[in-house]
Amino acid sequence: MTSSASSRTDLKPLKLVIAGGFSAGKTTLVGSTSEITPLTTEAPMTNMSLGVDDRGEVATKTATTVALDFGRITLSESMLFLFGTPGQDRFWFMWDELSKGAVGAIVMVDTRRLPDSFAAVDFFEQRQLPYVVVLNRFDGHLAHSVDAVRGALSIAPGIPILDADIRVRTEGIRVLVELVRHAIQQRRAPAR
Amino acid sequence: MNSPSSPPSPERPRFLRQFALTQGRGQSIDRDLPLESLVTALPVVRQNWLTPEQRLIVEMCVGPRSIAEISSHLHVHLGVARILVSDMVANGLASVVSADNDTGPDLDTLERLLNDLQRL
């Protein structure tokens, strides 16, 4: 193993998307798995994506941004970026950019607020981007069982639904492993 | 009438500054530069020819850093970071590695990634 992986120029960039409703644990997952303190960046929202709350005030548009939290893991041949993105469907343009070429997506679900996850599940389903669903254990509890969530969100039987305490690094890594495993399966047998 | 009823946004001056940084261009020459693209600074002969932003990018990209990290570090929007990097690549100040995002990672890449993650 090289000791100076961080200065290598032959690393391949890889990314995955972490989506979910407000405070569903996106940033927590980025934080527990990233080798760096999670960073934040901003992208300006385009006019089209502003359609939902557009009130015709052109001057205010330039000030509207969407924040992305992200982290990084340096691996033997790649640098993996984890991008956390807001779950509301008016941010679809950002999901669009993030999902392009992504390994896959993780949908974080707060079982107390299931409807917040509909948009993300729908989006990744349509894109046929491999995704897993993670039920975040708040204070060690789940408001609904895995089966109940699968039914409520109409998640296909082949999509893994994991139950994890993503504050713990090993649990966070387990989620990433499951996503990549699922992505490999989907690559091997794309039709489902 | 579209009167300026809303209070002046503190973001606005910053936006103008960002617009100036990229010499008025709203979009990068290389619009396809994904935000995870890895940027590495190339050896610079004359440091004092660099703009302050280029100097910051050169300093932070001794090893590969993503467009997203550059954006975060310089406190500029992703689009601005993209343009700054495109210009540096055009001027031989930096090199960029991007994946082919039209196809996504191939099976071999995914298997290596899985292997790596399982060893963490």
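For the range B:31-71, name all the residues that are closer than 18 Å to A:Leu14 by Cβ and surrounded by fewer than 17 Cβ atoms within 10 Å (Cβ to Cβ).
Within the range B:31-71, B:Asp32 is the sole residue that qualifies.
Mind checking which residues of the range B:58-71 are out of contact with any helix residue (DSSP H, G or I) (no Cβ under 6 Å at 6 or more places or on another chain), under 23 Å from A:Leu98 (Cα atoms) and in a helix (DSSP H, G or I)?
B:Ala68, B:Glu69
Output yes when any residue across the range B:72-84 is within 17 Å of the chain's Cα centre (by Cα), surrounded by fewer than 18 Cβ atoms within 10 Å (Cβ to Cβ) and either in a loop (DSSP other than H, G, I, E, B) or more than 10 Å from chain A (Cβ to nearest Cβ) (or both), and no when none is.
Yes: the range B:72-84 contains one or more residues that are within 17 Å of the chain's Cα centre (by Cα), surrounded by fewer than 18 Cβ atoms within 10 Å (Cβ to Cβ) and either in a loop (DSSP other than H, G, I, E, B) or more than 10 Å from chain A (Cβ to nearest Cβ) (or both).
Of the residues that sit in the range B:85-120 and are more than 9 Å from chain A (Cβ to nearest Cβ) and in a helix (DSSP H, G or I), which one is farthest from A:Thr170 (Cα to Cα)? Break it down into steps so the answer makes sense when it comes.
Taking the range B:85-120 first, the residues more than 9 Å from chain A (Cβ to nearest Cβ) are B:85-94, B:96, B:108.
Still in the list and also in a helix (DSSP H, G or I): B:85-90, B:108.
On the way: B:Val85: 35, B:Ser86: 38, B:Asp87: 41, B:Met88: 39, B:Val89: 38, B:Ala90: 42, B:Asp108: 24 Å.
Going through the qualifying residues, I end up with B:Ala90.
Could you tell me whether any residue of the range A:130-149 is out of contact with any Asp or Glu (no Cβ under 7 Å at 6 or more places or on another chain), β-branched (Val, Ile, Thr), at pLDDT 95 or above and loosely packed, with under 15 Cβ neighbours inside 10 Å?
no
The values are calculated or read from the model by the stated rules, or taken from the named source; none is laboratory data. Only a predicted model underlies this, so the values are computations on that prediction, with no experimental measurement involved. Using ideal geometry, Cβ is built from the backbone for each residue, glycine included, and neighbour counts are taken over all protein chains shown.
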